[in-house]
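Right, one structure below, let's go through it.
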Amino acid sequence: MIQARGLVQTFTTKQGRKKVEVRAVDGVDLDVAEGEVVGFLGPNGAGKTTTLRMLTTLLRPTAGTARVAGYDVATQSKQVRQSIGYVSQAGGVSSYARAGDEVVDHGMLYGLSQAQATASGQQLFEQLDLRGLWQRTPKQMSGGQKRRLDIVMGLVHDPTLIFLDEPTTGLDPQARANLWEHIGRLRSERGATVFLTTHYLEEADALSDRVMIIDQGRIVASDTSENLKAAVSGDQVDLEVADPTRLTDAAAALETIADLVEVDGQHVRGRVSRAGRAVPDLLRDLDRTGIELASIEVIRPTLDDVFLTLTGRSLRDAEAGPTDQPVLEGADQ
Amino acid sequence: MTFVRESFIVFRRQVRMNLRNPAWVLIGVMQPVLYLVLFGPLLKPLVDDFGVENPYTFLVPGLLVQLGMFGAFFAGFGLIGEWREGVVEAERVTPASRTALLVGRLSRDVAQLFVQALILVGLGFAMGMRAPAGGVVIGVLLTLLVGGACAAASNALALTTKSEDVMAPVINMVMMPVLLLSGILLPMTIGPDWLQRVSDFMPFRWIVDAVRDTFTGDFGTSQLMWGTTWAVALFGLALWWGTAVFRKENA
Ligand SMILES: Nc1ncnc2c1ncn2[C@@H]1O[C@H](COP(=O)(O)OP(=O)(O)OP(=O)(O)O)[C@@H](O)[C@H]1O
Ligand SMILES: [Mg+2]
């Protein structure tokens with residue numbers, strides 16, 4: 001459904017007098033199969049939105065090629081646009097227009113009739129819990145309601161290839177879960193292909209078949225989130241030992257299943273791949289040797305952990321950027 | 001066919017948004033009325049000195065073109081707001097023709113101008129203007145063409161600068177010479193020779209003169225030919241520029 005080879009996007013911005021070139025996307029290759037749900041992960045400024053805007057024909061690639069739904073984004077942009085739905089990071093509904101009108105007009109620009117667009121829009125309003133907001137303007141909506149309206153806009157023409165740029169920002173847990181379900185349904189009932197960006201590993205985890213991680217404009221990993229987490233860092237197991245004299249024994253026991261074991265006060269920590277399976281044995285072991293625990297915690301790896309092992313930098317450092325770029329004038333949104 | 005349909009969808013959306021704003025409707029209607037009622041009497045004694053038979057037949061065409069140009073020059077400001085809200089990007093991701101996205105917006109500006117022109121001309125007749133019907137029709141058509149050109153240029157400028165603060169001085173810089181050199185309020189023929197030569201290079205002067213000729217019923221003049229040529233050329237140029245900007249990546 002999506003094939004990209006060597007996608008590059010450079011922006012030139014002025015920094016005082018001299019012009020600075022920003023390589024926002026720096027040689028991205030990616031393949032997404034039909035019916036796949038792919039999570040596109042990366043810190044702020046990694047190049048997610050820029051990649052999406054190239055794939056959705058909004059931005060012409062500086063170099064490289066991409067085929068989306070079988071069409072070339074540079075030379076067959078109209079066919080590409082006809083085949084996709086896109087929800088941008090910032091949304092695209094005017095604050096002063098009525099929500100329903102905007103949705104219908106948007107659907108009609110895709111060629112739907114007024115009746116079709118209205119029916120489809122109202123159905124999506126039901127499904128995404130926007131009942132009764134058809135006549136409201138976004139100005140009178142909450143942030144999360146507005147975000148769901150953005151999503152309705154992107155889905156009103158029933159696309160089977162959908163690009164979502166951080167669809168869940170600003171949604172409460174319930175709305176988030178509801179959207180996840182909706183995306184799941186799109187895939188299972190309609191065979192839709194979904195390409196979504198997010199900052200949350202758990203989200204990519206819950207939704208996608210595959211996770212791609214992008215950092216500084218380059219893809220640094222592409223695999224199932226299970227594999228990424230398992231292979232890359234494993235789960236952190238944290239034992240709080242009741243009797244301080246048994247700390248070394250506890251550490252030795254943990255060592256049998258874990259890497260990078262460290263002792264910190266009353267705590268013994270280590271990295272265990274697939275801790276859910278290994279920990280029951282560990283507990284039996286500790287019990288047999290009479291080591292009493294005050295508490296045990298298994299912490300699933302976060303995106304930060306995966307990212308740290310992949311790039312050697314933590315997410316927070318990555319956001320600041322290697323050269324500490326200043327805020328750029330004319331950046332998107 | 002799809003082009004007309006897409007333009008209409010954009011047009012309808014724009015009109016709907018504008019009608020939701022009563023201030024916009026009121027200003028749109030009041031503008032021509034105020035010009036004629038408050039400005040007309042002021043110019044009337046002066047106009048008598050130019051040797052024009054009927055002051056309103058002289059005034060109304062100038063006001064018409066002024067309304068067309070200056071109303072439309074500001075049309076782009078709304079587009080900057082739309083761009084900031086992501087509306088332009090949302091429209092650009094649909095398969096709709098880029099020209100339709102522009103033409104839909106222009107149609108709103110031209111429709112607004114048309115209503116204002118009707119009010120202005122109607123009021124002009126009521127106040128004693130005399131002009132042949134055919135001439136008025138041609139004059140109004142020329143005005144709409146100029147208005148469309150200015151609105152297209154304004155929209156293009158808006159999407160290029162993406163900032164009211166950059167756009168406002170640019171518009172002012174363009175408006176000053178246009179206002180002073182096109183003889184909208186006073187005919188250029190009363191000025192010194194050098195000023196007339198300078199104004200020869202101002203396309204809008206020819207258009208103002210052309211509209212005046214249609215109102216007095218002089219259809220064979222060279223001004224009318226030049227004015228029409230300029231109006232068509234400006235419209236084509238502005239439409240091309242506007243479409244290019246809507247098509248441009250990263251708009
Ligand atoms: N129009 C632009 N002009 C100049 N630089 C830009 C522009 N758009 C993006 N950039 C720069 O390109 C880089 C990638 O930006 P992009 O928006 O793709 O990041 P992102 O991964 O979507 O981040 P976020 O998680 O914050 O949305 C950033 O350094 C950004 O400052
Ligand atoms: Mg982004």
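Figures for the structure shown
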| item | result |
| --- | --- |
| Hits among aspartates and glutamates - C-alpha to C-alpha of A:Lys229 under 16 Å, sequence gap 8 or more where chains match | A:Glu202, A:Glu203, A:Asp205, A:Asp209, A:Asp259, A:Asp304, A:Asp305 |
| Computed E for A:Glu297/A:Asp209 - FRET, C-beta separation, R0 41 angstrom, nearest 0.05 | 0.90 |
| Inter-centroid distance (Cα atoms) of the stretch B:79-139 relative to the stretch A:70-102, Å | 26 |
| Computed over the protein assembly as shown, Cα set: Rg, Dmax in Å | 32.0, 117 |
| Per-residue [θ]222 nm for chain B (sum of -39500 (n - 2.57) over DSSP H runs n ≥ 4, rounded to 500) | -26500 deg cm²/dmol |
| Distance between the stretch A:230-265 and the stretch A:1-64 - C-alpha centres, whole angstrom | 42 |
| The stretch B:2-249: projected area of the alpha-carbon convex hull, averaged over directions, in nm² | 13.7 |
| Carbon + sulfur, % of accessible area of the stretch A:234-300 - ligands and nucleic acids excluded, 1.4 Å | 47 |
| Solvent-accessible area, 1.4 Å probe, carbon plus sulfur percent, for the stretch B:146-224 | 69 |
| Anchor A:Lys19: aspartates and glutamates whose Cα lies under 18 Å away (excluding residues fewer than 8 positions away in-chain) | A:Asp324, A:Glu329 |
| Built amide H within the under 5 Å cut-off of A:Gly85, gap 5+ | A:Leu161, A:Ile162, A:Phe163 |
| Calculated on alpha-carbon atoms, Rg and Dmax of the stretch A:2-229 in Å | 17.6, 55 |
| At least 10 Å² of accessible area lost relative to the chain alone, listed for the stretch B:215-251 with a 1.4 Å probe | B:Glu249, B:Asn250 |
| Interface size B-A, as summed buried accessible area [1.4 Å probe, Å², nearest 100] | 2600 |
| Distant-in-sequence amide H partners of A:Ala46 (H built 1.01 Å from N, under 5 Å) | none |
| Threshold 10 Å², the stretch B:52-90 residues less accessible with all protein chains present than alone (1.4 Å probe) | B:Trp83, B:Arg84, B:Glu85, B:Gly86, B:Val87, B:Glu89, B:Ala90 |
| Heavy-atom accessible surface of the stretch A:2-229: percent carbon and sulfur, 1.4 Å | 44 |
| Rounded if a/c under 1.5, otherwise prolate or oblate - the stretch B:87-204, Cα gyration tensor axes | oblate |
| Radius 11 Å from Cβ of A:Gln140, net charge of other residues (Lys, Arg +1; Asp, Glu -1) | +4 |
| Selection of chymotrypsin sites (Phe, Trp or Tyr not before Pro), the stretch A:74-126, meeting DSSP coil and at most 16 other Cβ within 10 Å | A:Tyr96 |
| B:Lys44-B:Val232 pseudo-label distance in nm [points 7 Å out on the Cα-to-Cβ vector] | 3.9 |
| Shielded by partner chains, the stretch A:101-118 residues - at least 50 Å² of accessible area, 1.4 Å probe, vs chain alone | A:Asp105, A:Met108, A:Leu109 |
| Solvent-accessible heavy-atom area per residue, rounded to whole Å², over the stretch A:234-300 at 1.4 Å | 58 |
| Where chain B is the region considered: accessible area per residue in Å², 1.4 Å probe | 44 |
| Formal net charge of residues neighbouring A:Ala294 (Cβ-Cβ distance under 13 Å; K, R +1; D, E -1) | -4 |
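The values are calculated or read from the model by the stated rules, or taken from the named source; none is laboratory data. All values derive from a computational prediction rather than experimental measurement. Don't worry about glycine lacking a Cβ; one is built from the backbone with ideal geometry, like all the others, and counts go over all protein chains shown. Side chains are part of the model used for accessible areas, which takes the heavy atoms of the whole protein and leaves out ligands, DNA and RNA. Shrake-Rupley method; radii C 1.70, N 1.55, O 1.52, S 1.80 Å.
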